[in-house]
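Everything on this sheet refers to the single structure shown next.
The values are calculated or read from the model by the stated rules, or taken from the named source; none is laboratory data. In this text, all values refer to a predicted model and were calculated from it rather than measured experimentally. Glycine also receives a Cβ, built like all others from the backbone with ideal geometry; neighbour counts cover every protein chain displayed. Accessible surface is based on the protein model in full, side chains and every heavy atom, while ligands, DNA and RNA are left aside. Shrake-Rupley method; radii C 1.70, N 1.55, O 1.52, S 1.80 Å.
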Amino acid sequence: DEIASGGRKPAIVMDLDETVLDNSPYNGYLLLNGRSYSSDSWNNWVNRSSAELIPGAAEFIRMARNKGVEVLFVSNRKENELEPTVANLSIQGIQVDLSKVYLRAEGSEKQPRREQIRKKYRILMLIGDNLADFADEFENSLNISQRKDVVDRFREKFGSKFIILPNVMYGDWQKALNREDATETHQK
């Protein structure tokens, strides 16, 4: 209730890339042209403002807003990508105030931005495609066993407070495969 939450408005925090915006055409372009990610090619893609929505994203955002829940976006897109990002969302039918989008200024850690949001809002749910979209414990360089342990500590939040969407194109899961226990884990 409002009193227990200190009068803060309820909010849902969503990641953008591969959670709201579908960047598979960009990743397909890289694959078909034998290229890998670069900030220049990514910046060109973002400036096109042509990413389509992940199926169900618009409907979910509309439903939350209709229930009086603010929808905020925390992304590791860079601050200079704010305007084309908001334009892309608008083109796709999602109107967003610039102040509701929290992009990366320096480091990629999302926890400081989530803390900034918590000062003004009561976060009901976090939705993303990467464990780091949920808690700072996932920001650390973890091997597979450590990732499993941290996930286990947050077990009760998955499916209610933490909603994770699959991202098979990229993510911290790739880095975990190269950590010390990866070979051992894959042999089990």
**Prompt:** Which residue pairs have Cβ atoms closer than 8 Å, lie 6 or more positions apart in sequence or on different chains, and pair a first residue in segment 124-136 that is outside any loop (DSSP other than H, G, I, E, B) with a second residue that is of a type in the set (Ser, Thr, Tyr) and open to solvent by less than 10 Å² (accessible area, probe 1.4 Å)?
**Reply:** Ile127/Thr19; Gly128/Thr19; Asp133/Thr19
**Complete:** In the set Glu109, Glu156, Glu115, Glu184, the lone residue that is at pLDDT below 80 and outside any strand (DSSP E or B) is Glu184
**Item:** Every residue from segment 93-107 that is open to solvent by 50 Å² or more (accessible area, probe 1.4 Å) and touching a strand residue (DSSP E or B) at 6+ places or on another chain (Cβ under 6 Å)
**Value:** Arg104
**Prompt:** Do you know which residues across segment 76-92 are of a type in the set (Ser, Thr, Tyr), crowded, with 19+ Cβ neighbours inside 10 Å and without any contact (Cβ under 8 Å) to a residue 40 or more places away in the chain?
**Reply:** none
**Asked** Within segment 93-108, is even one residue touching an Asp or Glu at 6+ places or on another chain (Cβ under 8 Å), closer than 26 Å to Tyr121 by Cα and touching a residue at least 40 places away in the same chain (Cβ under 8 Å)?
**Response** no
**Fill in**
Here the residues within segment 28-57 that are surrounded by 15 or more Cβ atoms within 10 Å (Cβ to Cβ), of a type outside the set (Ser, Thr, Tyr) and assigned to a loop (DSSP other than H, G, I, E, B) are Ala51, Ile54
**Complete:** From the option list Ile12, Ile61, single residue qualifying as modelled with pLDDT of 95 or more, aliphatic (A, V, I, L, M) and either surrounded by fewer than 11 Cβ atoms within 10 Å (Cβ to Cβ) or not in a helix (DSSP H, G or I) (or both) is Ile12
**Message:** Suppose the filter is within 25 Å of Ala135 (Cα to Cα) and free of Cβ contacts under 8 Å to residues at least 40 places away in the same chain; does Ala58 pass it?
**Reply:** yes
**Item:** Residues (more than 15 Å from Ala105 (Cβ to Cβ) and either aliphatic (A, V, I, L, M) or part of a strand (DSSP E or B) (or both)) located in segment 74-84
**Value:** none
**Complete:** Within segment 72-103, the residues that are of a type in the set (Gly, Ala, Ser) and more than 14 Å from Ala58 (Cα to Cα) are Ser75, Ala87, Ser99
